[in-house]
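Take a look at the structure set out below.
The values are calculated or read from the model by the stated rules, or taken from the named source; none is laboratory data. Because the structure is predicted, anything quoted here is derived from the model rather than measured. Neighbour counts are summed over all protein chains in view; Cβ atoms, including those assigned to glycine, are modelled from backbone coordinates with ideal geometry. Side chains included, ligands, DNA and RNA excluded: accessible areas come from the protein's heavy atoms. Shrake-Rupley method; radii C 1.70, N 1.55, O 1.52, S 1.80 Å.
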Amino acid sequence: MSIDNILRNDLTDEQYAAATDTANEVLCLACAGSGKSTTLAYRIARLLAEDEPPESLVAITFTEKAAESIKLKVAQTLPKVGLNPELLGAMFIGTVHSFGKNLLGELDAVYRQFEVLDENRFILYLISRYGDIGLHRIGNERGTPYFQTIKAISDAWSQLNNEALGTEDIEDDDPTLAEILSNVKDRLHRDQFIDYSLMIRIIVDALENNDPRINRATEQLKHIMVDEYQDTYPLQDRLFRGIHERTETLFVVGD
């Protein structure tokens, strides 16, 4: 039985349309329980059946649980279309955090030793370095309580990276904040940590500046698939668009 017949038998009309759409950019709107993982798995199977190299496929999601669910679904789907499930090991299916870290390591090998902090762990990091970084100065100047100060610095740090600003851009308006944020960057690097916002910013800068290292790191990629896509994070959107400029298709699933 052909791959097309298998897809028609196993998928609904809507799922089939999403799994077989060959447009350069596809936005698939799907609610919970509509078979998103199944559709994504069959789209991957269809691409592999069309002799696309597994190394050229990337499926990105936002939690480890979702990534494992997609891996399992793909492993179950490949034999149904006559493909070896071991092909799964040659493609990337994982979180945007792990995908970003892989790219970051290609940009600079030193980052392979760094640990990536999510938002909560970054806040814990600030707490653990409160005095060393000088966060108490912000609290003293503004009269803000301890945890409010921590949250304010965390938000300022994320905004600095999301808007691709340098500390020099805010130095005239708030020299203390500029100094503290500079301390955060220096201390993170010294301690071999990097938070998600800075990681994505570095990659986006490389993409938008056409850094030869990022071009080498993405040269095998052809088809990018993003599950549970959200466009509320501009820097992340720039990441996907920058990568898509170097690939053939971008398929995103939004709730």
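Kindly indicate which of 20, 12, 77, 63 is under 17 Å from residue 222 (Cα atoms) and either polar (S, T, N, Q) or free of Cβ contacts under 8 Å to residues at least 40 places away in the same chain (or both).
Checking each option against the conditions leaves just 20.
Residue 115 - would you say it is in contact (Cβ under 8 Å) with a residue 24 or more places away in the chain and more than 25 Å from residue 8 (Cβ to Cβ)?
Criteria met by residue 115.
How many of the residues making up region 17-37 are surrounded by fewer than 18 Cβ atoms within 10 Å (Cβ to Cβ) and either on the phi < 0 side of the Ramachandran plot or assigned to a helix (DSSP H, G or I) (or both)?
13
Taking region 59-75 on its own, how many of its residues are out of contact with any helix residue (DSSP H, G or I) (no Cβ under 6 Å at 6 or more places or on another chain), open to solvent by less than 40 Å² (accessible area, probe 1.4 Å) and more than 18 Å from residue 85 (Cβ to Cβ)?
1
Inside region 186-226, can you point out the residues that are β-branched (Val, Ile, Thr), in contact with a strand residue (DSSP E or B) (Cβ under 8 Å, 6 or more places away or on another chain) and over 23 Å from residue 126 (Cβ atoms)?
Of everything in region 186-226, those that are β-branched (Val, Ile, Thr), in contact with a strand residue (DSSP E or B) (Cβ under 8 Å, 6 or more places away or on another chain) and over 23 Å from residue 126 (Cβ atoms) turn out to be 224, 226.
Quick one: in region 201-255, which of the residues that are of a type in the set (Val, Ile, Thr) and either in contact with a Ser or Thr (Cβ under 9 Å, 6 or more places away or on another chain) or within 21 Å of residue 70 (Cβ to Cβ) (or both) is modelled with the lowest pLDDT?
Filtering first and then ranking leaves 253.
Which is in a strand (DSSP E or B), among the β-branched types (Val, Ile, Thr), out of contact with any His (no Cβ under 8 Å at 6 or more places or on another chain) and more than 20 Å from residue 19 (Cβ to Cβ), of 194, 203, 214?
Residue meeting the stated conditions: 194.
It is to be established whether one or more residues within region 104-111 are touching a Phe, Trp or Tyr at 6+ places or on another chain (Cβ under 6 Å), surrounded by 21 or more Cβ atoms within 10 Å (Cβ to Cβ) and part of a helix (DSSP H, G or I).
Yes, region 104-111 contains at least one residue that is touching a Phe, Trp or Tyr at 6+ places or on another chain (Cβ under 6 Å), surrounded by 21 or more Cβ atoms within 10 Å (Cβ to Cβ) and part of a helix (DSSP H, G or I).
Considering only residues that are part of a helix (DSSP H, G or I) and of a type in the set (D, E, K, R), look in region 135-172 and name the one that is surrounded by the most Cβ atoms within 10 Å (Cβ to Cβ).
Top of the filtered list is 137.
Failed condition for residue 251, given (1) open to solvent by less than 20 Å² (accessible area, probe 1.4 Å); (2) without any contact (Cβ under 8 Å) to a residue 60 or more places away in the chain, with all others met?
(2)
Just to verify a result, which residue in region 186-211, among those that are of a type in the set (D, E, K, R) and surrounded by fewer than 17 Cβ atoms within 10 Å (Cβ to Cβ), is nearest to residue 161 (Cα to Cα)?
205
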